[in-house]
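Novice: Structure below; questions to follow.
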Amino acid sequence: MAKLNRKQLEEALTNLNVTLPGGNSSNKDLEKLLKKVEKEKAKEDKDKDEDEDKNEDDSDGEEDEDEDNAERLSSDSGKKDEEDDSEKDKDKDEDEDYLLQYQYGKDDKGPFKYGDPRSNPAPGSKADRMKKGLLKQPQVNVMIPLADGENPDIRLSVNLNGYRLDLPKNTYCPVPKQIAEVVMDSQKQQAKALKPFLIDRNKNTEEALS
């Protein structure tokens, strides 16, 4: 530092907010005082800069932690949404599997109750592929008539490619279009086969009444 005169030393100390000593102080005393004050101020500035850097690092750390938390929350939320969608799809599949109520199945202990999921065909089997194909078809309501004196608990069995359905009688049943066609063809053939017997019965009835 260039040597300063007394006036310059006093101005420098005043700018540093230092109270000037009495008039008996020498230039050398003022120089020592100025160096001391400048050194202390430099130390304060250094400490201040270090504190600011530390605060910035802490702030960056908090931001990184917030970002990590946000990512975890987003990931957790995504997983939950996937689980919810999976549950919805599962419920939807169960709702759409209206054929389960007609399925026949049994094990070593005996037949299953209608609607028991254990009656589902083995995955990948011919019957399983048949069922999946039927579920994609339009639904048709059919009613299978109950013959005179017939047990109402006896159902009409329909078997396509190893996939068996037992349909209740005397009530409207929603079934795939292909099943409905099979049922209607069966009813037509049955009516055709019974027609001669019905004619004979009607003829005998007429003769008995005449």
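Novice: For each pair in Lys7/Lys43; Lys131/Lys192; Lys7/Lys36; Lys3/Lys39, compute the distance between the two Cα atoms and list the pairs where it is over 21 Å.
Specialist: Lys7/Lys43; Lys131/Lys192
Novice: Put a dot 7 Å past each Cα toward the Cβ at Ser26 and Arg72; how far apart are the dots in nm?
Specialist: The modelled label-to-label distance comes out at 6.9 nm.
Novice: Lys169: net charge of surrounding residues, Cβ under 14 Å, Lys/Arg +1, Asp/Glu -1, itself excluded?
Specialist: Around Lys169, the charge tally is -3.
Novice: Same structure, new question: Starting from the Cα of Lys132, step 7 Å along the direction of its Cβ; do the same at Ala193; then give the gap between the two resulting points in nm.
Specialist: Placing both labels 7 Å along Cα→Cβ, they lie 3.5 nm apart.
Novice: Counting alpha carbon pairs within less than 8 Å and at least 6 residues apart, what relative contact order, in whole percent, applies to the range 103-188?
Specialist: 29
Novice: Then there's this: What is the Rg over Rh value, at two decimals, for the range 100-209, using alpha-carbon atoms and the Kirkwood definition of Rh?
Specialist: Looking at the range 100-209, the ratio lands at 1.10.
Novice: Right, next: Gain in length, Glu44 to Asn15, computed as 0.36 nm per residue apart minus the alpha-carbon separation, to one decimal in nm?
Specialist: Answer, rounded to one decimal: 8.8 nm.
Novice: Here is a further query. How many nm separate the modelled label positions at Glu52 and Asp148, each set 7 Å beyond the Cα in the direction of the Cβ?
Specialist: Modelled inter-label distance: 10.8 nm.
The numbers here are math on the coordinates, done by the rules we state, and not lab data. Just so it is clear, the structure is predicted and the values come from calculations on it, not from any experiment. Here Cβ is always computed from backbone atoms with ideal geometry, including for glycine, and neighbour counts include all displayed protein chains.
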